[in-house]
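Enquirer: One structure, pasted below without further comment.
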Amino acid sequence: MNNEKVTIIELNADNWYECCTLEVSEDQTKFIESNAVSIAQSKFEPTLKPYVIQMEGKTVGFLMFNSVKEELDGYWVYRIMVDKNFQGKGIGKKATKLMIDEISKLPNANKIIVGYHPENLGAHQLYASLGFVDKGDRFGKEMAVVKEL
């Protein structure tokens, strides 16, 4: 993993548009909504917390989680993506760790859950490497993996 500094900052009036221009690779588009859709969703569901992922001050990704507990009595990760030009550098893993730190500060945070399509092998490898476990929970076409805090 490289030593470049990865940070997450709350989405704001200065960085939202740049976030909308980020794209995943062609083979990942079927697994994730656009950042614009996620940002719009966060405006109608105020408990969703959108963040920009930056590396060395440059916007390279987007993530969003819910700040209230949902199914399985945990906090859900809604989105995490790294632009196709910055994938494979460990940015997603660093950003996910930072997000876990943020979620762990929420009230009664004892469980984080993320859902993703079972064919999304990149997501599977990322979450497994961070201690998320598949306990057999399924929601529609997605599997849900759980990390105990």
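The values are calculated or read from the model by the stated rules, or taken from the named source; none is laboratory data. Keep in mind that what you see is a predicted model, and the values were worked out from it rather than measured. Note that each Cβ is placed from the backbone with ideal geometry, even for glycine, and that neighbours are counted across all protein chains shown. These accessible areas exclude ligands, DNA and RNA; they are computed on the full protein's heavy atoms, side chains included. Shrake-Rupley method; radii C 1.70, N 1.55, O 1.52, S 1.80 Å.
Enquirer: Looking at Leu121 and the list (1) surrounded by 13 or more Cβ atoms within 10 Å (Cβ to Cβ); (2) without any contact (Cβ under 8 Å) to a residue 12 or more places away in the chain, which single condition is not satisfied?
Expert: (1)
Enquirer: Between Glu45, Glu33, which is modelled with pLDDT under 95 and of a type in the set (Asp, Glu)?
Expert: On the way: Glu45 fails: modelled with pLDDT under 95.
Sole residue among the options that is modelled with pLDDT under 95 and of a type in the set (Asp, Glu): Glu33.
Enquirer: Would you pick out the residues in region 69-85 that are surrounded by fewer than 17 Cβ atoms within 10 Å (Cβ to Cβ) and out of contact with any helix residue (DSSP H, G or I) (no Cβ under 9 Å at 6 or more places or on another chain)? Let's see the steps before the verdict.
Expert: Within region 69-85, the subset surrounded by fewer than 17 Cβ atoms within 10 Å (Cβ to Cβ) is 70-73, 84-85.
The answer is Glu70, Glu71, Leu72, Asp73, Asn85.
Enquirer: Kindly evaluate Ile53 against the criterion of being closer than 21 Å to Lys69 by Cα, of a type in the set (A, V, I, L, M) and either in contact with a strand residue (DSSP E or B) (Cβ under 7 Å, 6 or more places away or on another chain) or surrounded by 15 or more Cβ atoms within 10 Å (Cβ to Cβ) (or both).
Expert: Details: closer than 21 Å to Lys69 by Cα: no; of a type in the set (A, V, I, L, M): yes; either in contact with a strand residue (DSSP E or B) (Cβ under 7 Å, 6 or more places away or on another chain) or surrounded by 15 or more Cβ atoms within 10 Å (Cβ to Cβ) (or both): yes.
Criteria not met by Ile53.
Enquirer: Here is a further query. Can you tell me which of Ser25, Ser34 is open to solvent by 20 Å² or more (accessible area, probe 1.4 Å), farther than 17 Å from Tyr78 by Cβ, small (Gly, Ala, Ser) and in contact (Cβ under 8 Å) with a residue 12 or more places away in the chain?
Expert: Details: Ser34 fails: farther than 17 Å from Tyr78 by Cβ.
The match here is Ser25.
Enquirer: For region 1-43, give me each residue that is of a type in the set (A, V, I, L, M, F, W, C) and not in a helix (DSSP H, G or I). Walk me through how you get there before you give the answer.
Expert: Just the residues of region 1-43 that are of a type in the set (A, V, I, L, M, F, W, C), to begin with: 1, 6, 8-9, 11, 13, 16, 19-20, 22, 24, 31-32, 36-37, 39-40.
Listed by number, the residues that qualify are Met1, Val6, Ile8, Ile9, Leu11, Ala13, Leu22, Val24, Ile32.
Enquirer: All but one of (1) out of contact with any strand residue (DSSP E or B) (no Cβ under 7 Å at 6 or more places or on another chain); (2) modelled with pLDDT of 95 or more; (3) acidic (Asp, Glu) hold for Glu70; which doesn't?
Expert: Only one criterion is unmet by Glu70, namely (1).
Enquirer: Check Lys147, Lys97, Lys141 and return the single one that is modelled with pLDDT of 95 or more and farther than 15 Å from Lys69 by Cβ.
Expert: Lys97
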